[in-house]
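Asks: Once you've had a glance at the structure underneath, I'll fire off some questions.
The values are calculated or read from the model by the stated rules, or taken from the named source; none is laboratory data. What you see is a predicted model, and the numbers here were worked out from it, not measured in a lab. As a convention, Cβ positions derive from the backbone with ideal geometry for all residues, glycine included, and neighbour counts pool all protein chains shown. For the accessible areas, the whole protein counts, side chains as well, though only heavy atoms, and no ligand, DNA or RNA atoms are used. Shrake-Rupley method; radii C 1.70, N 1.55, O 1.52, S 1.80 Å.
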Amino acid sequence: MFKIKRLYLFVLQTFLPLFIMTFFICLFIVLMQFLWRYIDDLVGKGLDVAVIGELFFYAALTMVPLALPLAILLASLMAFGNLGEHLELTAMKSAGVSLIKVMSPLIIFLAFVSVGAFFFQNDVLPKAQVKMWSLLFSMRQKSPELDIPEGAFYDQIEGYNLYVKQKNRENGMLYGMMIYDVSNGYGYANIIVADSGKLSMTTDKKHLVLQLYSGESFEDLKDNSTATSRRNTGMLYRRESFSSKEILIPFDATFNRMGDETMSNQYIGKNFSELSHTIDSLTVRADSIGSGLADKLRDEPLCGVAQRKISYEGNVRVATPIPPVTLAKAIDVDSIINSMSVNDKRNVIESARNKAERLKQEMQFKGYALEDNLATMRRHEIELQKKFTLSFACLIFFFIGAPLGAIIRKGGLGVPIVISVFLFIVYYIIDNTGYKLARDGHWAVWEGIWLSSEVLLPLGIFLTYKAVNDSAVFNPDAYANFFKRITGQQQVRHIQMKDIVMEDVIPAVAVAKLEQLKTDCDNFLQRYSKRQNYVAYWTKGYDTGAIKELTLELESVVGYLENSRQVLVINKLMDYPVLRSLLTYNPVGNKKVGWVLVCLLPIGLLGYVIGTMHQKNLKRDIRAVVKVSDELLSFLVDEQQNEDKSK
């Protein structure tokens, strides 16, 4: 009988509640971003709550690809941060359980989540996107809810501008009305002014009924005469006074839902097999259009001479190359052009340029169809690749979040949220950049869509490696020492007096070690007393073996004198510099490669300047070793003489 280990069950019980909570929180956040983006299409339309709820449901489904990776990142950070903060992770490691073994149940769980994410992208998401965009376009086309403001023109009724000075909200009466009827065009405006009126809707909600009282209308006459003849006859407009007038205005206030057929044929409404079939069809079409353009260019005459003869065998087009025209005597074209008059030369050049421009514009115009076809094909390829990137992103974010939580050892909603948001913003920016480069055809589709995964995958591998090996990723001293080694800066030595000394320092032995160290340092300084020239630096450099021997000898002396019971000796040992083995001391071990770099003057000269600076710092450190050794020798010799006198 299969039984889950108690450790695995504990890890799952720690992760799953956090995952569910963070998923719905992230989904709510991205849904609010969707609402903020399309708020103008929803407000003021008088939509039913059920319709808005349906839109939000489908929008929530389409936002899952954004919310799921962020939820996995945040949940894994919080879960392993809590385990590290409460020392539970330390207890597991001390019991011999590695971090990978602790993560293994979640790896299996998220593998199933990734597979489910693929099927969600393939089967559920296309239908949800079709429903969402169909609803959204239907809402955009719906007429706004009728709410005429006071003291301002209202232009939401197509073909009419209404002005109301004052409204009585109790009985619905409107006072001080002015109506501009431009439904027949601004050249035939009909202006109506009324003392009061009332607005109502027909039962079918297809028309507005405007009942006006005590007013006048001014109508521009619509005849077939010109404006000049109308001025001459005085027939400019018609004025009408009325005590009561009723106007019927077309105004469709119903919500007409658009069918799903239009969106289903778009790339957002297709699954994997449908996208693949469409891409194959578009590829064949693009190849056909490209071949047609190429045939058109090949069929164009060259200097007025046809290159191919076109014939048809049934429905098959056959292009037979025409042999080139051979001349008994070469024609000097320049002499012919020079013999022409200035006007003839201009005409010939203009004719040739116009023909070339005409052919170029014709090819560009025909190429628009090819470009549209390629753009559509890229859209389908992007949607096809996205069905895999979500699953891969889920795994990558887990291998970033879990090791990072184990390293920082901070749970809760503080530090994990900050880190998660920062990483997700970086992911989102990279993903959008790759998407736009792929959409516009600057990059191959797979390169642009997988760009974010290619960038974050090394980060996940690095953090997992560091967490498994308990490396100090966020230790500033480690990075400071690394950059000091790179830049050649001097490192500070830290030594503390030991409370318990297992081996006492014998002054005679210490003096012998110091004298030998001093002698070896002097020999190295004499060997490299002068600065190396450009050629010598790249072909010889410093003897790295001698430098390593000096380093080992210095560390041996320091390790021996660390057992001293004298505070002065311990303090003086901290004056010893740390000798580093930098690559710039002898950058090239092969003489032939060195000569190659000698010839690369811009790069070689820069490397020479940096390298000789590091060599200068090395000799400075070695001179400091000699100086400190002299001071220690003086102190130890005095101490040895005092011991001899006391005996």
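Asks: Residues to consider are Gly411, Gly401, Gly405, Gly434; find the one that is part of a loop (DSSP other than H, G, I, E, B) and crowded, with 19+ Cβ neighbours inside 10 Å. Write out each step before concluding.
Replies: Values: Gly401 fails: part of a loop (DSSP other than H, G, I, E, B); Gly405 fails: part of a loop (DSSP other than H, G, I, E, B); Gly434 fails: part of a loop (DSSP other than H, G, I, E, B).
On inspection, the qualifying residue turns out to be Gly411.
Asks: Is it the case that Lys205 is open to solvent by 80 Å² or more (accessible area, probe 1.4 Å) and either acidic (Asp, Glu) or closer than 14 Å to Lys245 by Cβ (or both)?
Replies: no
Asks: Which residues, counting only those in the range 264-298, are of a type in the set (Ser, Thr, Tyr) and open to solvent by less than 70 Å² (accessible area, probe 1.4 Å)?
Replies: Ser264, Tyr267, Ser276, Thr278, Ser281, Thr283, Ser291
Asks: In the range 344-374, which residues are small (Gly, Ala, Ser) and surrounded by 13 or more Cβ atoms within 10 Å (Cβ to Cβ)?
Replies: Residues satisfying the conditions are Gly367, Ala369.
Asks: Yes or no: the range 167-178 includes at least one residue that is open to solvent by less than 50 Å² (accessible area, probe 1.4 Å) and assigned to a helix (DSSP H, G or I).
Replies: No: zero hits.
Asks: Looking at the range 20-43, which of the residues that are out of contact with any Phe, Trp or Tyr (no Cβ under 9 Å at 6 or more places or on another chain) and aromatic (Phe, Trp, Tyr) is surrounded by the fewest Cβ atoms within 10 Å (Cβ to Cβ)?
Replies: Looking at the filtered set, the residue picked out is Trp36.
Asks: Moving on. For the range 437-472, which positions are of a type in the set (S, T, N, Q) and open to solvent by 70 Å² or more (accessible area, probe 1.4 Å)? I'd like the intermediate steps shown before the answer.
Replies: We begin by selecting, within the range 437-472, every residue of a type in the set (S, T, N, Q); these are 452-453, 464, 469, 471.
The one that is of a type in the set (S, T, N, Q) and open to solvent by 70 Å² or more (accessible area, probe 1.4 Å): Asn469.
Asks: Continuing with this model, one more query. Can you name the number of the only condition in (1) within 22 Å of Ile107 (Cβ to Cβ); (2) under 22 Å from the mean Cα position of the chain (by Cα) that Leu66 fails?
Replies: For Leu66, the exception is condition (1).
Asks: Here is a further query. List the number of the failed condition for Ile157; all other conditions in (1) of a type outside the set (D, E, K, R); (2) within 30 Å of Leu248 (Cβ to Cβ); (3) in a helix (DSSP H, G or I) hold.
Replies: If we test Ile157 against (1) of a type outside the set (D, E, K, R); (2) within 30 Å of Leu248 (Cβ to Cβ); (3) in a helix (DSSP H, G or I), just (3) comes out false.
Asks: Pick from the range 346-369 the residues that are acidic (Asp, Glu) and under 18 Å from Ala294 (Cα atoms): which of them is modelled with the highest pLDDT? Let's see the steps before the verdict.
Replies: In the first step, residues of the range 346-369 are kept if they are acidic (Asp, Glu); the result is 350, 357, 362.
Now restrict to residues that are under 18 Å from Ala294 (Cα atoms): 357, 362.
Numbers: Glu357: 88, Glu362: 81.
By that ranking, first place goes to Glu357.
Asks: Kindly indicate which of Val115, Val124 is open to solvent by 10 Å² or more (accessible area, probe 1.4 Å), within 21 Å of Ser452 (Cα to Cα) and in a helix (DSSP H, G or I).
Replies: Details: Val124 fails: within 21 Å of Ser452 (Cα to Cα).
Selected residue: Val115, the only one of Val115, Val124 that is open to solvent by 10 Å² or more (accessible area, probe 1.4 Å), within 21 Å of Ser452 (Cα to Cα) and in a helix (DSSP H, G or I).
Asks: Just need a number here: residues in the range 44-56 that are touching a Lys or Arg at 6+ places or on another chain (Cβ under 9 Å) and open to solvent by 40 Å² or more (accessible area, probe 1.4 Å).
Replies: Here the count works out to 2.
Asks: Looking at (1) modelled with pLDDT of 75 or more; (2) loosely packed, with under 13 Cβ neighbours inside 10 Å; (3) out of contact with any Lys or Arg (no Cβ under 9 Å at 6 or more places or on another chain), find the lone condition where Tyr186 falls short.
Replies: Every condition holds for Tyr186 apart from (1).
Asks: Identify the residue in the range 493-505 that is open to solvent by 90 Å² or more (accessible area, probe 1.4 Å) and not charged (D, E, K, R) and, among all such residues, is farthest from Ile570 (Cα to Cα).
Replies: Met502
Asks: Within the range 576-587, identify whether any single residue is within 56 Å of the chain's Cα centre (by Cα), of a type in the set (D, E, K, R), at pLDDT below 85 and not in a helix (DSSP H, G or I), and answer yes or no.
Replies: Step one: filter the range 576-587 for residues within 56 Å of the chain's Cα centre (by Cα), giving 576-587.
If we keep only those that are of a type in the set (D, E, K, R) too, we end up with 580.
Next, only the ones that are at pLDDT below 85 stay: 580.
Within this subset, residues satisfying the condition of being not in a helix (DSSP H, G or I) are 580.
Yes, there is a match, as at least one residue in the range 576-587 is within 56 Å of the chain's Cα centre (by Cα), of a type in the set (D, E, K, R), at pLDDT below 85 and not in a helix (DSSP H, G or I).
Asks: Let me ask you something else. Among the candidates Glu246, Glu261, Glu219, single out the residue that is open to solvent by 80 Å² or more (accessible area, probe 1.4 Å), more than 30 Å from Ser134 (Cα to Cα), of a type in the set (D, E, K, R) and modelled with pLDDT of 70 or more. Give the derivation first.
Replies: Working: Glu261 fails: more than 30 Å from Ser134 (Cα to Cα); Glu219 fails: open to solvent by 80 Å² or more (accessible area, probe 1.4 Å).
Exactly one residue qualifies, and that residue is Glu246.
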